[in-house]
1. For segment 454-500, give me each residue that is open to solvent by less than 20 Å² (accessible area, probe 1.4 Å) and of a type in the set (A, V, I, L, M).
2. Of the residues Ala403, Ala332, Ala328, Ala322, which is open to solvent by less than 10 Å² (accessible area, probe 1.4 Å), part of a loop (DSSP other than H, G, I, E, B) and not β-branched (Val, Ile, Thr)?
3. Please tell me if Ile510 is farther than 18 Å from Ser418 by Cα, aliphatic (A, V, I, L, M), surrounded by 19 or more Cβ atoms within 10 Å (Cβ to Cβ) and touching a residue at least 24 places away in the same chain (Cβ under 8 Å).
4. Which number in (1) in contact with a Phe, Trp or Tyr (Cβ under 6 Å, 6 or more places away or on another chain); (2) under 22 Å from Tyr27 (Cβ atoms) marks the one condition that Ala66 misses?
5. Tally the residues that are outside any helix (DSSP H, G or I), under 19 Å from Gln266 (Cβ atoms) and touching a Lys or Arg at 6+ places or on another chain (Cβ under 7 Å), restricting the search to segment 291-317.
6. Working carefully through the options Cys298, Cys276, find the one that is more than 16 Å from the ligand (Cβ to nearest atom), hydrophobic (A, V, I, L, M, F, W, C) and surrounded by fewer than 24 Cβ atoms within 10 Å (Cβ to Cβ).
7. Determine which member of the set Glu430, Glu382 is part of a loop (DSSP other than H, G, I, E, B), assigned by TED's automatic domain parsing to the domain that holds Thr532 and open to solvent by 30 Å² or more (accessible area, probe 1.4 Å).
8. Got a number for residues in segment 94-112 being within 13 Å of the ligand (Cβ to nearest atom) and touching a helix residue (DSSP H, G or I) at 6+ places or on another chain (Cβ under 7 Å)?
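The values are calculated or read from the model by the stated rules, or taken from the named source; none is laboratory data. Please read all numbers here as calculations on a predicted model, not as lab measurements. In this analysis, Cβ positions are derived from the backbone assuming ideal geometry, glycine residues included, and neighbour counts consider all displayed protein chains. Ligands, DNA and RNA are stripped out before the accessible areas are found, and what is left, the full protein with its side chains, is counted by its heavy atoms. Shrake-Rupley method; radii C 1.70, N 1.55, O 1.52, S 1.80 Å.
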Amino acid sequence: MLILGLSGGLGHDSAACLVHDGVLVAYAEEERFCRKKHAYGEPPVLSLLNCLSQAGVAFEDIDLIALSWDPQKAEELGILEKFKKHPVLSGKKMPTIISVSHHLCHAASAYYLSGFDDAVILVMDGQGDDISTTVAYGKNEHIEVKQEYGISQSLGFFYSIVSDYLQLGASGEGKLMGLASYGESVYDFSVRLTEDGYEIPIGEPDSSLGLEDKYNKLTRIWMKEMYRKFGDPPKRIYSNNTLYGGLNYTVEYSKKHKDIAASAQQALEDTIVHLCQQTIRQGNSKNLVIGGGVALNCTTNGRLERLGIFDEIFVLPATNDAGGCIGAAMIASKERSVLPVKGRLKTPYWGISYDDNHISEVLNKLGLKYNYSSDICRQTAELIDRGKVIGWFQGAAEMGPRALGNRSITASPASYDSYVKVNQKIKFRESWRPLAPSIMDEHADWLVEEAQYSPYMLKAYTVKEERRQAVPAIVHVDGSTRPQTVRSEVNPVWHQLIAEHYKLSGIPLIMNTSLNTRGEPVCETPYDAIKTFYTSAMDALAVGNFLIEK
Ligand SMILES: [Fe+2]
């Protein structure tokens with residue numbers, strides 16, 4: 001049975017996957033192809049085509065379509081209608097379409113790909129199908145939902161409102177987490193821990209409202225509360241961007257603002273830890289699976305790991321809404337009596353691998369000068385060691401928002417200048433935001449305390465005191481870092497690059513951030529990589545086995 005899973009019904013992060021007889025065989029995210037970050041309002045059509053090509057099947061071979069949202073609850077966004085009416089699908093017979101509740105999709109994506117035989121499953125996001133937090137248990141192929149929280153209790157929205165108040169944008173949760181490290185937790189938020197969970201007693205939007213209206217109403221209630229508690233937010237100072245066009249803005253953060261960020265992070269962490277401790281008391285499992293967008297909060301994930309109450313914690317790299325389509329297809333498979341095949345995700349690298357023939361054709365068409373390298377890892381490592389910042393494009397793209405060594409920008413972790421250059425002249429990010437490393441898994445304890453395998457850059461650790469001076473580019477202000485630990489059996493080329501850098505410098509890690517500039521999705525094709533290279537201050541681009549230098 002071939003099932004097409006689709007994400008994107010909530011208006012962002014649309015994606016497609018194919019599950020064949022319970023096994024994930026293809027996965028792609030729309031933003032990589034339509035070149036709009038988060039693919040706002042875009043139906044998952046280009047990602048569908050990519051999946052068909054990955055799996056070598058035709059649309060007509062699909063037996064069933066499973067949506068990771070309820071189209072009744074998100075009908076005003078009309079993503080399903082846009083999908084069905086897309087010219088690419090014109091004249092094609094649509095298979096039966098079913099929908100799976102959004103949080104069950106998050107839970108299933110993470111649980112089935114964790115490979116655990118049993119697990120506590122915690123799903124937290126803004127909202128999906130009117131649910132914002134779910135506590136469930138997985139046992140073999142069965143998932144039982146134990147507790148659900150409505151939209152007014154959304155930890156995702158709470159964090160997003162604080163982010164918006166601090167002028168980081170409603171989708172600036174990652175920035176808020178970075179800013180939190182500069183402050184102290186001194187403020188109380190209206191998130192109360194209770195005997196059986198938590199509550200946010202701040203007001204309920206009218207249940208008869210549509211999705212958008214409900215969200216807007218809730219946002220207004222919470223933002224009003226932020227103003228009441230903290231007064232006016234920090235000001236944006238605008239200026240003409242005479243270099244790239246458009247408007248620039250900067251925000252000066254006072255101690256109070258940084259403390260608000262730290263307090264919000266603390267409230268989020270305390271609530272999640274509390275929920276986890278409760279599940280442990282109920283004694284259902286010692287494994288934890290976290291899903292939904294809130295699971296991107298690597299500071300919380302790191303704290304959960306250090307807490308030591310779970311034997312193992314799994315977070316799917318595509319824990320955001322994009323990955324929900326996998327759960328939708330697997331649940332649909334189960335409902336058609338084909339049990340999803342459980343097993344630990346073997347690779348985060350899905351999609352097309354562009355070979356050297358394809359890459360050289362693109363380079364030649366663009367009339368670019370380039371060199372073939374017989375040892376691209378060694379040559380790139382030498383450039384890194386000389387303080388250069390390199391675009392790195394190899395194999396198939398990563399699933400999820402983190403670059404994991406196939407679409408990365410890399411530099412020496414020893415060079416603070418590289419940190420400044422990457423933040424300010426390549427990613428055009430706020431100067432205070434941290435950058436992360438990729439480290440050989442076998443040497444992870446060189447860098448951090450209590451090192452564990454962390455292949456998806458989703459857990460924060462404390463950098464050893466004695467290493468901080470050696471790698472200033474990847475240590476955050478609070479001494480934390482969010483490493484990717486790399487095993488050669490998962491990504492041999494990326495591992496080899498780090499190993500070459502280790503041979504030259506004695507440091508078994510390199511800086512790693514995603515290959516894109518501000519506001520852009522991560523690169524998909526060699527053309528995207530070349531464009532990103534020439535519109536930023538990168539020194540060289542290693543694309544396949546070719547090297548372009550400025
Ligand atoms: Fe979600």
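1. Result: Met457, Leu458, Ala460, Val463, Val471, Ala473, Ile474, Val486, Leu497, Ile498, Ala499.
2. Numbers: Ala332 fails: part of a loop (DSSP other than H, G, I, E, B); Ala328 fails: part of a loop (DSSP other than H, G, I, E, B); Ala322 fails: part of a loop (DSSP other than H, G, I, E, B).
Checking each option against the conditions leaves just Ala403.
3. no
4. It fails just one condition, (1).
5. So in segment 291-317, the residues outside any helix (DSSP H, G or I) come out as 291-292, 297, 308-317.
Restricting the remaining residues to those that are under 19 Å from Gln266 (Cβ atoms) gives 297, 309.
Checking which are touching a Lys or Arg at 6+ places or on another chain (Cβ under 7 Å) leaves us with none.
Within segment 291-317, residues that are outside any helix (DSSP H, G or I), under 19 Å from Gln266 (Cβ atoms) and touching a Lys or Arg at 6+ places or on another chain (Cβ under 7 Å) number 0.
6. Numbers: Cys298 fails: surrounded by fewer than 24 Cβ atoms within 10 Å (Cβ to Cβ).
Testing whether each residue is more than 16 Å from the ligand (Cβ to nearest atom), hydrophobic (A, V, I, L, M, F, W, C) and surrounded by fewer than 24 Cβ atoms within 10 Å (Cβ to Cβ) leaves just Cys276.
7. Working: Glu382 fails: part of a loop (DSSP other than H, G, I, E, B).
None of the other options fit; the residue is Glu430.
8. Step one: of segment 94-112, the residues within 13 Å of the ligand (Cβ to nearest atom) are 100-110.
So of that shortlist, the ones also touching a helix residue (DSSP H, G or I) at 6+ places or on another chain (Cβ under 7 Å) come out as 100, 102, 104-109.
Qualifying residue count, segment 94-112: 8.
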